[in-house]
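One structure is given here, and the rest of the page talks about it.
The values are calculated or read from the model by the stated rules, or taken from the named source; none is laboratory data. Computed from a predicted model, the values in this text were never measured in an experiment. Cβ: placed from backbone, ideal geometry, glycine included. Neighbour counts: every protein chain shown.
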Amino acid sequence: MKENLYDLMDWSDIEGIQYADLDCPRCTLGPSVYKGKTLIQLYVPEAVSVSVKFEKGRKVYPAEKMDDGFFAVLVSGTDNGRYQVIAEYEDGSSTISYDPYQFDSVLPLEELKSFNAGVNYEIYKYLGAHKRVIDGVKGVSFGVWAPFAERVSVVGDFNHWDGRKHMMNRIDDTGVFELFIPGIGEGELYKYEIKQYGGKVVLKADPYAFAAQKRPDNASIIANISKFTWTDNVWMKKRLDADCKSQPMSIYEVHLGSWKKPEMEGVEEKERFYNYREIAPLLADYVKKMHYTHIELMPVMEHPFDGSWGYQVTGYYAPTARYGSPEDFAWFMNYMHEQGIAVILDWVPAHFPKDEFGLAKFDGTCLYEHADPRQGEHPHWGTLIYNYARPEVKNFLIANALFWAEQYHADGIRMDAVASMLYLDYGKNDGEWVANIYGGNENLDAVSFLKELNTQFKKRKNGAVVIAEESTAWPMVTGSPEEGLGFDFKWNMGWMNDFTGYMQCDPYFRKDNYNQLTFSMIYAYSENFVLVLSHDEVVHGKGSMIQKMPGAEEILRFSNLRAAYTFMYMHPGKKLLFMGQEFAAYREWSEERELDWASLDAEKHIHMQDFVRELNRLYQTEPALYALDQSPEGFEWINNTTYLRSICAFIRKTENPEDTLLVFCNFDTIPQARYKFGVPYPGTCKEILNSDDDKYDGYGMVNTREITAKEEECDGREHSISIKMGPVSVSVWKYVKQEEEEKKEKKEEKEEKEEKNERKDK
């Protein structure tokens, strides 16, 4: 028998298996038919004896040792069913397991072909690690795209990280390697051991892994993300019907690791993190208290370096282990929805880090990145740029964005650094970039990618919005994918830079920079904008928002900040404030420590927090502040020329005149005891918010009485009112409803009548 078996062996392939060189071990290992019998070839390194036991019978078939670690057995019949391998070792230990090479590929070829074509937007259901049951045998199927690899193995604790034991099989010309490994399950650590093009052997994390180790470790973890039971069906149905552009959107931008930190004795502050389940109620209660409609999480995808804030992603499909498991993150998202809070996730398709365990030179070639460093690297960031022209890379990213919206119910995806994607010369000097085929600096492949991504979001109708952080004047970022890029919203970086620059000016010099205050309305309706005062404004030496404000005295600095926030909330566009800005945190933000909540021991910070809460409440209750954000019909200047006094005024409105709001701004330190403004029509107005109110620690120059417009021309209008304005303040007014005026008149008539009767009686 032994001699016959030797004759049946393909010794070149056996040598390839022993040296872990084969890309199709199933061609040799596992069962094969030979003259009405079943030949089973096994490679069990370090075993001294191996036997085979079929499920259909009790008989055990000893295998012959053909070479070091290599065993074979010839069994009668060709339909013997599944079998287990019993291996014994020198130390007396033994193992019993199903031979993985007896299982055919579970990855449908048509799914992989559509991935190769760049159109499989649920490829994460096939690639990566997935628990499966095949013929009653439980295990995990693995799939990874590494077309130029010489060999790929799955390694982990389950095989002592030995790349010889579970070599994967290449599937045709798809570039995908697969293997089903019986007997392992959720929670197991794993990586891919890749013999790269050129022969170098490296360990790579799974690009499609649903979970990963907490840094500094970086192995992938087998996880089942389908076991969580969602209870946000009502929310998800509601968001499908929502018109986000005509609804209020007040966003609280949050870095989960530093918003708040738990007390942990003996643990450095930077190493202390709440679990997703622990922080969810704390954050939700605060967000509801502050009347925000949305939170935006800085990237929660796995990343190795805390100082990147999550913007250098290595685990695109894995919520970071810093705060818990995938199930914990699902619980967080579900809880937020149950509390009526929408969640936007920051997402980073613009670049990725060079860490060896990540995507860089994945199979020995520049697979995910461009080979030419002029196209494939950000010299100033030290990161790599995706090759958007490669269908599989484009597929990886689009599927990932959809994954967070559909599998984790994210209500929005905010795309980071879009400008760096659009321009080939972004952050580069002459000679450091390559022009497109037309000689221009536009990245045509990235444009195509963005259009396709936004097209898919709209086609799939999942109700999630896509927001671009785009800092240039690229046209029609929020135009349709056919005419523009297809985003729902764009961060208004121009407004942020201009307005913060204006507010940082000493009030004496603001008259010389008045255009920074008013210029935004020139282009306000060119895109669907979100006004942002983001984390980017309070890091890297820029100072906190309160530190930016001029003024020798604190009362003036706080007045400046309240005026700034009020102007922002009254200006067309959705709103975003970074955490800590709502209570005027003094220190710059750092990811290593929690927010300076101790600031709220001081009244001025409490009052600032109260003021922002009131701004959010007013913003949500007044349709004029959001309903026509994207239409010029929702805004009208009253005065945008009084630059010498740093004064301006405007109207916010809807199609219903009763919703009309009047906004009067004084950005000078000189108060105005009686300043006249034109108003759109006659009637009585009342002040509904004043940033100078003394209950917010202002100077107290408020207008307590209702004012009826006089038929006196001002600002080119037939009617006007005269109001008080405190130093550096914004005042918001609303017309008194007609029925209220009528009640007032009737009351006055009644009082007058009663007075007359009293006089008669006397």
Inspect all residues belonging to the range 720-731 and state whether any of them is within 30 Å of Asp488 (Cβ to Cβ), outside any loop (DSSP other than H, G, I, E, B) and over 36 Å from the mean Cα position of the chain (by Cα). no
Which of the residues spanning the range 507-563 are more than 29 Å from the chain's Cα centre (by Cα), closer than 30 Å to Ser480 by Cβ and assigned to a helix (DSSP H, G or I)? Thr518, Ile522
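Specify which of the listed residues (Glu591, Glu636, Glu655) is surrounded by fewer than 20 Cβ atoms within 10 Å (Cβ to Cβ), modelled with pLDDT under 95 and not aromatic (Phe, Trp, Tyr).
On the way: Glu591 fails: modelled with pLDDT under 95; Glu636 fails: modelled with pLDDT under 95.
After applying the criteria, what remains is Glu655.
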Taking the range 165-187 on its own, how many of its residues are in contact with a Gly (Cβ under 8 Å, 6 or more places away or on another chain), within 22 Å of Ile86 (Cα to Cα) and buried (at least 17 other Cβ atoms within 10 Å of the Cβ)? 4
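It is to be established whether one or more residues within the range 263-275 are aromatic (Phe, Trp, Tyr), farther than 20 Å from Glu469 by Cα and crowded, with 23+ Cβ neighbours inside 10 Å. Let's see the steps before the verdict.
Just the residues of the range 263-275 that are aromatic (Phe, Trp, Tyr), to begin with: 273-274.
After this cut, where a residue has to be farther than 20 Å from Glu469 by Cα as well, the list is 273-274.
With crowded, with 23+ Cβ neighbours inside 10 Å added as a condition, the list becomes none.
Within the range 263-275, none of the residues are aromatic (Phe, Trp, Tyr), farther than 20 Å from Glu469 by Cα and crowded, with 23+ Cβ neighbours inside 10 Å.
Going by what's in this entry, would Tyr6 be described as in contact with an Asp or Glu (Cβ under 8 Å, 6 or more places away or on another chain) and not assigned by TED's automatic domain parsing to the domain that holds Ser153?
Values: in contact with an Asp or Glu (Cβ under 8 Å, 6 or more places away or on another chain): no; not assigned by TED's automatic domain parsing to the domain that holds Ser153: yes.
Taking the combined requirement at face value, the residue does not satisfy it.
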Every residue from the range 294-333 that is hydrophobic (A, V, I, L, M, F, W, C) and over 20 Å from Lys204 (Cα atoms): Ile295, Leu297, Met298, Val300, Trp309, Phe329, Ala330, Trp331, Phe332, Met333
For the range 440-474, which positions are part of a strand (DSSP E or B), within 18 Å of the chain's Cα centre (by Cα) and of a type outside the set (Gly, Ala, Ser)? Val465, Val466, Ile467
Search result, residues across the range 302-322 that are surrounded by 23 or more Cβ atoms within 10 Å (Cβ to Cβ) and outside any loop (DSSP other than H, G, I, E, B): Glu302, Gly315, Tyr316, Tyr317, Ala318, Pro319
Candidate set: the range 475-492, residues that are within 18 Å of the chain's Cα centre (by Cα) and among the hydrophobic types (A, V, I, L, M, F, W, C); chosen: the one nearest to Ser559 (Cα to Cα): Trp491
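Restricting attention to the range 47-89, and to residues there that are polar (S, T, N, Q) and not in a loop (DSSP other than H, G, I, E, B), which single residue is surrounded by the fewest Cβ atoms within 10 Å (Cβ to Cβ)?
Start the filter on the range 47-89 by keeping residues that are polar (S, T, N, Q), which leaves 49, 51, 76, 78, 80, 84.
Keeping just the survivors that are not in a loop (DSSP other than H, G, I, E, B) gives 49, 51, 76, 84.
Values: Ser49: 14, Ser51: 20, Ser76: 9, Gln84: 19.
For the range 47-89, the residue satisfying everything is Ser76.
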Condition broken by Tyr292, with the remaining ones in (1) outside any loop (DSSP other than H, G, I, E, B); (2) within 20 Å of Gln609 (Cα to Cα); (3) not acidic (Asp, Glu) satisfied: (1)
Counting only residues in the range 17-39 that are without any contact (Cβ under 8 Å) to a residue 60 or more places away in the chain and out of contact with any helix residue (DSSP H, G or I) (no Cβ under 8 Å at 6 or more places or on another chain), the one surrounded by the most Cβ atoms within 10 Å (Cβ to Cβ) is identified as Thr38
Checking the structure you have, find out if any residue of the range 521-537 is surrounded by fewer than 16 Cβ atoms within 10 Å (Cβ to Cβ), without any contact (Cβ under 8 Å) to a residue 40 or more places away in the chain and in contact with a helix residue (DSSP H, G or I) (Cβ under 7 Å, 6 or more places away or on another chain). no
Between a residue in the range 69-86 that is assigned by TED's automatic domain parsing to the domain that holds Gly16 and acidic (Asp, Glu) and any residue that is crowded, with 17+ Cβ neighbours inside 10 Å and at pLDDT below 95, which pairs come within a Cβ distance under 9 Å, given they are 6 or more apart or on different chains? Asp79/Thr38
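Using the structure shown, decide if Lys695 is modelled with pLDDT of 95 or more and assigned to a strand (DSSP E or B).
Working: modelled with pLDDT of 95 or more: yes; assigned to a strand (DSSP E or B): no.
Judged against the criteria, Lys695 is not a match.
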The strands (runs of 3 or more DSSP E) lying wholly within the range 582-687 that contain at least 3 residues that are in contact (Cβ under 8 Å) with a residue 60 or more places away in the chain and more than 30 Å from Met476 (Cβ to Cβ) are 661-666
